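Shown next, in structure tokens, is the structure this report addresses.
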Amino acid sequence: MISHQTVVDRWRRTWDEVMSGFLPGADSCEAAMLAVAEAVCGGAPTRVLDLGGGPGVLAERMATRWPGADVGVVDLDPVLLALAAAGAGPRLSLHRADLAGDWSAAIGAGSCDLVTAVMTIHYLEAGQARGLYRAARAVLRPGGLLIVADLMPETGLAGVMGRLHPDAGEAVAGLAWTRWWDDVQADASWQPILRERQAAFDGRVPAEFSPPVDWHREAARQAGFTEAGTIWRWGAHAALAAVA
């Protein structure tokens, strides 16, 4: 299906550019995440899991920063996981699973030092998002760290208005996302795996769940995390770190 490394690299690079459009200040967010992870873990983590990590671009950057770490990606999308496999190869362990369901059993209880979820929670409904916090707590060792970065306004009303009236940057990012997928669908070599993707996502739409950051703190507390706080903010977007 994917025969040339330069093609793979282009798809993954442009995906990363598209997704950065949905997270203003993405570079500063990532820098804050990695710095906090090293501070909490006392250096490089040994096992890392990126939830909803798609083609593994962030996961590969973490594997480069922490070469001794076992870095994994969990995602439901077969197209994105195929790009991760072709682009990162054995550097990443890939797990195809639905984050709305019970994905933690395949990972192993207490086996991770760091779990990240960047622009992932908003795809889930409220109950499913709480389930993700519980599952992340289950796979983290005591003292391990979960970092969630997403649309987390200061108030619930701001989140609702943000979805009803997206700003210009979000509208541009949405158009770029659509064009990315249009390009994939126009490539005949992708057709078999696109049919598999259609079956996996049939009838599913993003929940566009964007509660205030206080909701995330409470969800982390209820899931058994000992402390949680905001480590980064850019407008309505924020990153929350929760310690197991």
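The values are calculated or read from the model by the stated rules, or taken from the named source; none is laboratory data. Just so it is clear, the structure is predicted and the values come from calculations on it, not from any experiment. Glycine also receives a Cβ, built like all others from the backbone with ideal geometry; neighbour counts cover every protein chain displayed.
Scan the range 52-85 residue by residue and report those that are among the acidic types (Asp, Glu) and assigned to a helix (DSSP H, G or I). Before you say what the answer is, go through the steps one by one.
Here is the first cut: in the range 52-85, the residues among the acidic types (Asp, Glu) are 60, 70, 75, 77.
Glu60 - this is the single residue of the range 52-85 that is among the acidic types (Asp, Glu) and assigned to a helix (DSSP H, G or I).
Conditions (1) buried (at least 21 other Cβ atoms within 10 Å of the Cβ); (2) closer than 27 Å to Ala173 by Cα, marked per residue:
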position	(1), (2)
Ala32	no, yes
Leu51	yes, yes
Gly56	yes, yes
Arg91	no, no
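Scan the range 35-70 for residues that are closer than 23 Å to Ala135 by Cβ and more than 14 Å from the chain's Cα centre (by Cα) and jot them down.
The answer is Val36, Ala37, Val40, Cys41, Pro45, Thr46, Arg47, Ala63, Trp66, Ala69, Asp70.
Within the set of pairs 6 or more residues apart or between chains, which connect a residue that is farther than 27 Å from Arg137 by Cα inside the range 84-101 to a residue that is at pLDDT below 95 and among the aliphatic types (A, V, I, L, M) with Cβ atoms less than 6 Å apart?
Ala86/Ile2; Ala86/Val8; Gly87/Val8
For Gly56, indicate whether it is on the phi > 0 side of the Ramachandran plot and small (Gly, Ala, Ser).
So Gly56 passes the test.
May I ask you to list the residues in the range 1-51 that are of a type in the set (Ser, Thr, Tyr), in a loop (DSSP other than H, G, I, E, B) and modelled with pLDDT of 95 or more?
Result: Thr46, single match.
Name the single residue, out of those in the range 198-244 being assigned to a helix (DSSP H, G or I) and basic (Lys, Arg), that is surrounded by the most Cβ atoms within 10 Å (Cβ to Cβ).
Within the range 198-244, the first condition is being assigned to a helix (DSSP H, G or I), and the residues that meet it are 198-201, 213-222.
Keeping just the survivors that are basic (Lys, Arg) gives 217, 221.
On the way: Arg217: 18, Arg221: 14.
So, considering only residues that are assigned to a helix (DSSP H, G or I) and basic (Lys, Arg), the one surrounded by the most Cβ atoms within 10 Å (Cβ to Cβ) is Arg217.
So which pairs qualify, if the first residue must be in the range 216-244 and in contact (Cβ under 8 Å) with a residue 40 or more places away in the chain, the second must be part of a strand (DSSP E or B) and of a type in the set (Phe, Trp, Tyr), the Cβ gap must be under 7 Å, and the two must be at least 6 apart or on different chains?
Pairs found: Ala238/Trp232; Ala239/Trp232.
Could you please let me know if Gly72 is under 23 Å from Gly174 (Cβ atoms), of a type outside the set (Ser, Thr, Tyr) and free of Cβ contacts under 8 Å to residues at least 40 places away in the same chain?
Details: under 23 Å from Gly174 (Cβ atoms): no; of a type outside the set (Ser, Thr, Tyr): yes; free of Cβ contacts under 8 Å to residues at least 40 places away in the same chain: yes.
In short, no.
Among the residues of the range 94-133, write down those that are closer than 17 Å to Ala244 by Cα and surrounded by fewer than 16 Cβ atoms within 10 Å (Cβ to Cβ).
Matches in the range 94-133: Gly108, Ala109, Gly110.
Give the number of residues within the range 179-205 that are touching a helix residue (DSSP H, G or I) at 6+ places or on another chain (Cβ under 8 Å) and free of Cβ contacts under 8 Å to residues at least 12 places away in the same chain.
Selection size over the range 179-205: 1.
Identify the single condition in (1) modelled with pLDDT under 95; (2) in a helix (DSSP H, G or I) that Ala135 does not satisfy, given that it satisfies every other one.
The number of the failed condition is (1).
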